[in-house]
1. Can you pull out the helices (runs of 4 or more DSSP H) entirely within the stretch 138-195 that have at least 3 residues that are within 17 Å of R280 (Cβ to Cβ)?
2. Are any of the residues in the stretch 149-169 charged (D, E, K, R) and away from ligand 1 (no atom under 11 Å from the Cβ)?
3. If V105 satisfies every condition in (1) within 12 Å of ligand 1 (Cβ to nearest atom); (2) of a type in the set (A, V, I, L, M); (3) open to solvent by less than 10 Å² (accessible area, probe 1.4 Å) but one, which is the exception?
4. What are the pairs, 6+ residues apart or on separate chains, where a residue within the stretch 17-28 that is touching a residue at least 24 places away in the same chain (Cβ under 8 Å) and of a type in the set (F, W, Y) has its Cβ under 7 Å from a residue that is open to solvent by 10 Å² or more (accessible area, probe 1.4 Å) and away from ligand 2 (no atom under 14 Å from the Cβ)?
5. Limited to the stretch 112-133, what total is found for residues that are open to solvent by 20 Å² or more (accessible area, probe 1.4 Å) and in a helix (DSSP H, G or I)?
6. Name the residue, out of A175, A123, that is over 12 Å from T276 (Cβ atoms) and modelled with pLDDT of 95 or more.
7. Please go through the stretch 248-264 and give me each residue that is within 24 Å of V82 (Cα to Cα) and either open to solvent by 60 Å² or more (accessible area, probe 1.4 Å) or touching a strand residue (DSSP E or B) at 6+ places or on another chain (Cβ under 6 Å) (or both), ordered by number.
8. Go through the stretch 270-292 and count every residue that is open to solvent by 20 Å² or more (accessible area, probe 1.4 Å), among the small types (G, A, S) and within 27 Å of the chain's Cα centre (by Cα).
Amino acid sequence: MAQVEVLIDVDTGVDDALALSFAALHPDINLRAVTCVAGNASLDNVYRNTRAVLAVAGAGHVPVARGASRPLIAAPRDAAHVHGHNGLAGLDLAVPEGGSDIHAVELMRREILASPTPPTLIALAPLTNVALLLRMYPEVAARLDRIVFMGGSASIGNATPVAEFNSWADPEAVAIVVDSGIPTVMYGLDVFYSAAVSEDDVAALERSSRPVAQLCAKLFRHMAVKDSDQKRIPAGTIAALGDAGTVCAVVDPAGLTTHRFPVSVCTDGSRSRGQTIVDRRSHRGESELNGASLGQPVDVALAVDGARLAQLFRRTILGSSGG
Ligand code: BDR
Ligand code: CA
């Protein structure tokens, strides 16, 4: 596969950290920039965590920028109960000196314009920064090859019975993204927990002398505690790749099955706020006959070869020698 020019938007976040580690190490990805948004943790913690993780992964040279410190309209809410008090499993990683004052939207604009081929924007967090890019620089965003976002669901939710966390955190931003007309892939909860690592995978990471492998092992151990009492990961696995599965699927699209469906998102104040409504019907119904819009076409991930993506992740983090 030819190298893909990639921008990643994160709310690091334990599984965002796994995703960044993979993106930093995989040779088919040219990681041009990482942008930060409030979500799992405060913007300050996300920025700190992101720069610390990239440094461990040997990608301290990748530009990182702060973006939105809260959703477009909704009140900010974190996920400390899942990701730990600092968003990174309570780990105290060294944060490199320096940093940059460029805003996330300006960094995305700069790197989209500088990219030799249309880049892929992978969004692993509430879509606030991406929505701001679309509103501020729509002509630049139109140069994207596609947006691949982790969020939403065609089935059940996690933050609420029907809404996935990233979509629930900033539904208005999801609406802006899916309505943008830019080719979009939704890697939602229908596949999110199905790509997961085994005890053997994590033990191999722990045995590695690579700091990035040991970091990933610690992050998986943290998630394993969260996932252990849940039936949502496959039998024989202990922790989901989560956001990292999204990046693995960009490198290895054969590991993912998508179908194109109209998608919209519930933005009203009801209990279904943040729910992505995926129209999987094969027929037109009464609502459309009465003029309702079904939403824009989105490539919705419905199945994943979880073992394949987990092996891709393991091999990449361990290096070509395997383990
Ligand atoms: C999403 O929410 C966050 O907690 C994770 O980082 C992931 O992006 C899953 O619903
Ligand atoms: Ca995330």
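1. 189-192
2. So far as the stretch 149-169 goes, no, none of its residues is charged (D, E, K, R) and away from ligand 1 (no atom under 11 Å from the Cβ).
3. It is condition (1) that V105 fails.
4. As it stands, the answer is F22/T316, since those pairs meet every condition given.
5. So the count comes out to 3.
6. Exactly one residue qualifies, and that residue is A123.
7. The initial filter retains those residues of the stretch 248-264 that are within 24 Å of V82 (Cα to Cα), namely 248-249.
Within the stretch 248-264, A249 is the sole residue that qualifies.
8. 2
The values are calculated or read from the model by the stated rules, or taken from the named source; none is laboratory data. Keep in mind that what you see is a predicted model, and the values were worked out from it rather than measured. Glycine also receives a Cβ, built like all others from the backbone with ideal geometry; neighbour counts cover every protein chain displayed. Only protein heavy atoms, including side chains, enter the accessible area calculation; ligands, DNA and RNA are left aside. Shrake-Rupley method; radii C 1.70, N 1.55, O 1.52, S 1.80 Å.
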